[in-house]
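Below is one structure, written out as structure tokens; the observations come after it.
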Amino acid sequence: MVIPCACVQVLRLKGGALGLFFILTKLKIERNIVNMNPLDFLKERVLDLGAGATNQLPDRANLFLRYMSGLGDRNLDLDERTLDAAREASYDFPDEAYILQKGVDESGNEIEYKVPNNENFGPWKMNPRSGPVNSYGNLPYEGHILSNTLGRYYVDADSDKGVRIIDKYDMQNDAENPDLISGKFQPRKALNELEAIWNPIAGLRNDPDPMVQLRSRESENVPLSFESLRDGLGYGKYNQTHSPLTRLARAGMYLVPRKPTPFDIDVTVPYEGRIRNSEVYNR
């Protein structure tokens, strides 16, 4: 039998090198990787590395950096505390425990709302319920776990399939200045956000409502001092959307000359009990 020269050279390799050769020959290389442009392959690995790095951060920072960098939901891995809080915030009694009444909201729009059904006392058990969830106004329970991550989201609860949490992460809503996500360089508005850490009036200058902006001009500003800075830093414990960290994030958005990229969050967790990394991301 004739042994090719290349094989002869391989047979001459010593111990570890020979073992490495046989390990490499046994590796299965996917066809799409073989056909991938080397630069594209490198880009994919860098993105995977970046996604893994952001997953090590608290979820509020993880999601924000993904939003600003364009990583989106790539290899997203949310903290169990966030997922557990999102599931628990959807807990409610069954429809039979309530009756619907009609009323009007602050704007005069007709609305329907639930009140306890005094003619049917149950007993009822609270379980995850399907429907929209608004985590704002729930600060004593969840801190900033939900208000700075999912905010408002939707839940599809099924006792057999689990609790599916669906959200679109972005900062486009009626309460935010449209310029925040415009990708324009706006240092004046960035300074307003920074000043608002100790002087809440400064934050009103960036409000999307012109009447609120006008009111900010007539209000008394709080000068910078040790006491005002201390109070401002402590204020974040009681305000869900305007803590010092969110002020810094908004200031950064006004300074970055590129539009952030919204992305979908779609994850299913067990219907009850500890999650323990058993969540499934529906990408």
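Some values worked out for this structure:
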{"read-out": "Rounded, prolate or oblate (a/c below 1.5 giving rounded, otherwise prolate when a/b exceeds b/c) for the stretch 171-259 by Cα gyration tensor", "value": "prolate"}
{"read-out": "Mean Cβ count within 10 Å, highest first, over the residues of peptides 106-115, 183-192", "value": "183-192, 106-115"}
{"read-out": "Overall form of the stretch 112-217 per C-alpha gyration tensor (a/c, 1.5; a/b vs b/c)", "value": "prolate"}
{"read-out": "Inter-site label distance for Asn127 and Tyr271 at 7 Å from Cα along Cβ, in nm", "value": "0.5 nm"}
{"read-out": "Per-peptide average of other Cβ atoms within 10 Å, ordering 94-103, 194-203 highest first", "value": "194-203, 94-103"}
{"read-out": "Cα pair distances exceeding 14 angstrom across the stretch 162-216, given as percent", "value": "62 percent"}
{"read-out": "Theoretical FRET efficiency, 1/(1+(r/R0)^6), r = Cβ-Cβ of Asn282 and Arg215, R0 41 Å, to 0.05", "value": "0.40"}
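No lab work stands behind these numbers, since they all come straight from the coordinates. Just so it is clear, the structure is predicted and the values come from calculations on it, not from any experiment. Cβ atoms come from the backbone with ideal geometry, glycine included; neighbour counts cover every protein chain shown.
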